[in-house]
Amino acid sequence: MLALPQAAPKWVYVALTEGLRPDHDIYAVEIATGERHLLRRNNVGAEGWVFDFAGSPRLATRTGKNGSVELVRLDTSGSAVIYSCSWSETCTSLQFDPDGRHVYLASNHGANADLVRLISLDVRNGHEEVVASDPAQEVDLDETVFSPQTRRPAATVYKGDAGLRYAWLDRGMQADFQRLRSHLPDKDLRLKSTDDGQYWLVFASADREPGEAYLFDRRTGALTLQYRLLPLLPRGVRPKSVPLVVLPHEGPWNVRAEWGYSNLAQFLANRGFAVLQPNFRGSIGFGKRFLAAGDRQWGERMQDDINSGARQLVASGIADPKRIAIFGLSYGGFAALAGAAFTPDLYTAAIDWSGPSDLTSLVKQIPRIKHS
């Protein structure tokens, strides 16, 4: 499913392949009957599409050479690449501006950009302007909240070490959010608005709260609980000289550990373990420089970051130095094997979940991509 066009509410736009064609074309499917017709043939190698508010596909996204991401303008007379970023950069299309001439992107493209910020791109000439970035200059843009009335950015959201931070552009929505925040302090709040803007569906979570949903009436201020994911949580133990499980994340270049609820961390904490989820160099979310600091550092400085975190918990008295395990998936599994191989004095146990043990073999097994 690609879009539910507001201009044509009876239809849903989907990507389908027909016959032997490898590329997905855009079809309009009538929701009530299932009737469908071809809306646009994919003749540009598109992997994603961006629609304007009239329901027209205006942009396509595709992978270029060397893993770059290209944004392609779709014209009646043809197509043209108007924006591109390298494999190590971010340029994600969000939505069109109501003027139909600009599209909003989350991007850190360019030599002078480190953190991902919100930009406005003129699709006619490729000119870009920065709309907003992290006021604290710490982390990448996490989300953009759009006003249902103006269809323009109302807030940008950033996820730091202490949870979500909102930077508001719409003062009316900001006032309502502050009223909402007074009812739900110390929790991450995600918002979905009704089309008329009166109601927000609010999803609240925290490091010890799996998630609860509320309906917030912006007109009256009424907040009504809808449901909780897991209403009962067990108590923990006193954090002193306890066994430690280090959980390096997978990826490593497309993931990071975030403040919030973790099923695995809470499961282990319930069994009396301390849990460390480190953001070693090479993790996303902290800009291009922090990401690039992990280049060629598998088993080296990336591993040093993980080990330093474990040693810090020992020094603080939380972890028992004789009972430290390292457990990870994918890259985290590699880090577990590296921990056992290079620092056997630090780790008592290592668990590798589908992590590579031989990087040369790993690289040789990756199929080559052929470009036309």
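Report, by residue number, each residue of the range 145-187 that is within 23 Å of the chain's Cα centre (by Cα), closer than 29 Å to Gly100 by Cβ and of a type in the set (A, V, I, L, M). Result: Val145, Ala154, Ala155, Val157, Ala167, Leu169. Mind checking whether some residue in the range 17-36 is in contact with a Leu (Cβ under 9 Å, 6 or more places away or on another chain), open to solvent by 70 Å² or more (accessible area, probe 1.4 Å) and assigned to a strand (DSSP E or B)? So far as the range 17-36 goes, yes, one or more of its residues are in contact with a Leu (Cβ under 9 Å, 6 or more places away or on another chain), open to solvent by 70 Å² or more (accessible area, probe 1.4 Å) and assigned to a strand (DSSP E or B).
Summed over the range 224-265, residues that are crowded, with 16+ Cβ neighbours inside 10 Å, more than 20 Å from Phe334 (Cβ to Cβ) and either at pLDDT below 90 or among the acidic types (Asp, Glu) (or both) total 1.
Count of the range 155-172 residues, restricted to those that are farther than 23 Å from Gly260 by Cβ and part of a strand (DSSP E or B), is 0.
Scan the range 271-280 for residues that are touching a residue at least 24 places away in the same chain (Cβ under 8 Å) and open to solvent by 60 Å² or more (accessible area, probe 1.4 Å) and the total you get is 2. Here Gly285 fulfils each of the conditions (1) of a type outside the set (Asp, Glu); (2) surrounded by 15 or more Cβ atoms within 10 Å (Cβ to Cβ); (3) touching a Leu at 6+ places or on another chain (Cβ under 8 Å); (4) at positive phi apart from (3).
Can you spot a residue in the range 197-212 that is more than 21 Å from the chain's Cα centre (by Cα) and β-branched (Val, Ile, Thr)? Within the range 197-212, not a single residue is more than 21 Å from the chain's Cα centre (by Cα) and β-branched (Val, Ile, Thr).
Scanning the range 70-91 for residues being without any contact (Cβ under 8 Å) to a residue 24 or more places away in the chain, open to solvent by 50 Å² or more (accessible area, probe 1.4 Å) and within 22 Å of Tyr13 (Cβ to Cβ) gives a total of 2. All conditions but one from (1) under 23 Å from the mean Cα position of the chain (by Cα); (2) outside any strand (DSSP E or B) apply to Asp142; the one that does not is (2). Summed over the range 188-202, residues that are open to solvent by 50 Å² or more (accessible area, probe 1.4 Å) and closer than 13 Å to Leu223 by Cβ total 2. Restricted to the range 46-63, and to residues there that are among the small types (Gly, Ala, Ser) and free of Cβ contacts under 8 Å to residues at least 24 places away in the same chain, the residue that is most open to solvent (accessible area, probe 1.4 Å) is Ser56.
The values are calculated or read from the model by the stated rules, or taken from the named source; none is laboratory data. On a predicted model such as this, the values are computed, not experimentally measured, just so you know. Reconstructed Cβ throughout: ideal geometry from the backbone, glycine too, with neighbour counts over all protein chains shown. For accessibility, only protein heavy atoms count, side chains too; no ligands or nucleic acids. Shrake-Rupley method; radii C 1.70, N 1.55, O 1.52, S 1.80 Å.
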